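Take a look at the structure below.
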Amino acid sequence: GQQVMQIPQYQHVQEGEDFTTYCNSSTTLSNIQWYKQRPGGHPVFLIQLVKSGEVKKQKRLTFQFGEAKKNSSLHITATQTTDVGTYFCAGRDSGAGSYQLTFGKGTKLSVIP
Amino acid sequence: DAGVIQSPRHEVTEMGQEVTLRCKPISGHNSLFWYRQTMMRGLELLIYFNNNVPIDDSGMPEDRFSAKMPNASFSTLKIQPSEPRDSAVYFCASSFGQGQPQHFGDGTRLSIL
């Protein structure tokens, strides 16, 4: 079945440093979604990427979808303490009849003030 | 607007007891998902429904787990009998269409003693 791997599993950064998490799928994706889960909270949808090579920005967050639609990244510029949480990617397989999302295990971000 | 509503928020019970988790999806959403989250295994999809019909229950651990969606505004996940290894946070999520961004409830934190 489809597998979605995320690295790193944990990342500790000093406030103001940049942060990147990477997501790789074993199969070609029709789209990829990113979610953020704050400590003690629930996953919250951030963005969806659909097109090959797509890049989207949300303030200090930059999301990329690979040309082959098998990988994606999330980059945060100048982290703040409010960025603390676990970031998940979730991919939808491009195969016919595939509708469910497969979540990566997430990258837990800690920001040291 | 009301989001996905789950109850109870916390449940502590002894092993062998029946546990019922409840979920009310966002009105108008036609896809509903049950997830289990643990430190070891991350976020696992247990089952999902589309238009009240179970589409994929391959993630349901074993026969002790069952899920129903009798109508568009209500779903239950039942564990009978419960075991300590079932302790986890159980999330319900809904979306407008399969493969679309999912909205998560606050989760049920389940502890089986």
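Coordinate-derived values only; no laboratory data. Values in this document were obtained by computation on a predicted structure and should not be read as measured data. Note: ideal-geometry Cβ built from the backbone for every residue, glycine included; neighbour counts use all protein chains shown.
In terms of surrounding Cβ atoms within a 10 Å radius of their Cβ, A:57, B:78 rank from fewest to most as A:57, B:78. When the listed pairs A:69/B:68; A:70/A:108; A:36/B:68; A:108/B:78; A:36/B:78; A:36/A:59 are checked against a 24 Å cut-off, the alpha-carbon distance exceeds it for A:69/B:68; A:36/B:68; A:108/B:78; A:36/B:78. Take each residue of peptide B:98-108, count the partner chain Cβ atoms within 10 Å of its Cβ, and average: the result is 6. The percentage of C-alpha pairs in region A:10-61 whose separation is greater than 18 Å is 46%. Unpaired cysteine residues in the protein assembly as shown (no second Cys Cβ under 4.7 Å): none present.
Summary value for chain B: 37 percent relative contact order, contacts being C-alpha pairs under 8 angstrom separated by 6+ residues. With R₀ fixed at 30 Å, the C-beta to C-beta distance from residue A:110 to residue B:83 puts the FRET efficiency at about 0.35. Distance between the pseudo-spin-label points of residue A:94 and residue A:12 (7 Å out from Cα toward the beta carbon): 4.0 nm.
Here residue A:105 is the anchor, and the aspartates and glutamates within straight C-alpha reach of less than 13 Å, apart from those fewer than 8 places off in the same chain, are B:44.
Annotation for residue A:57 and residue B:10: the two label points, set 7 Å from Cα along the Cα-Cβ direction, are 4.4 nm apart.
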